[in-house]
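Q: Dropping a structure here in structure tokens format, bear with me for questions.
Derivation of every value follows stated rules applied to the coordinates shown; laboratory data play no part. Predicted model, so just to flag it, every value in this text is computed and none were measured. Glycine also receives a Cβ, built like all others from the backbone with ideal geometry; neighbour counts cover every protein chain displayed.
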Amino acid sequence: MSKFIFGALALAVTGALALPVSAQIAAARTMSTGTGTAPPRVRKPYTAEFKVTTVRTLGDGTTITHEWTETTARDSEGRLYNAANRNPTGDAGTEEISVNINDPVAHTHTFWFSQGHRVTVTTNENQASSQTACSANPMAAITPQAGTEHEKPVTEELGKQTFLGVEAYGNRTTSTIPTGLIGNSAPITHTDEYWRSTEKGLNLTVRQVNDTPENGKTTRELIKFTPGDPDPSLFQPPADYEVVTQETHTEFHCPQ
């Protein structure tokens, strides 16, 4: 019996890999919508482009600066798209593009990297809220350091500002690591600033600044915003990429 089941699974996987990438993802959406699971609440669609700058200052005053762009998008079906475009050398044709797509209807997460020419499609039927697997903002994982009994973070309300037509409310949190807590000879101050959209259903961080002595200052700022459904081609992997399909029954964490 075990040999029969293994053979059936092998035939199923082989048949799935024989399909084009777009067909495999479409098939996953079709199968998932038949499970009877109610789709998650759909937020407002948009396409946004960000510029990310990191500046690290060394002990002798030398600074190391890196810049890249990110594009995030959400369609009316709730699919989330996030792409980071880095160019380490600055030369044309050397861009490194990584893409994460989360589909809450099909319960799939799709990832590809331009240097690898491979698409990984992960299916997780057990994750009821799979839309939270990959944030539209990859920097959202950067949160202020949790307070300890020796410190209490201080939050400053910054009011409202408008960024490219998007109204946002800001706050800045400052936390201090006391002397000696982690072997530090002096207090270490961390500052985290977030500007989040106020429009109901948009749920977008339009500006973010994280400043720590250890990692330097990282600024992520909105440089282009388009409301409405994004170009559908954003959600389609390159047709000539190798496809790897896998299934997981545990909570999924996006690649870093």
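Q: Could you compute the FRET efficiency for residue 117 and residue 87, with r as their C-beta to C-beta distance and R0 at 22 Å, rounded to 0.05?
A: Efficiency, from the Cβ-Cβ distance: 0.75.
Q: Of 51/160; 44/160; 44/152; 51/152, which ones are farther than 24 Å apart at the Cα?
A: 44/152; 51/152
Q: Can you give the FRET efficiency for residue 242 and residue 215, using 1/(1 + (r/R0)^6), R0 = 45 Å, r = Cβ-Cβ distance, to the nearest 0.05?
A: 0.85
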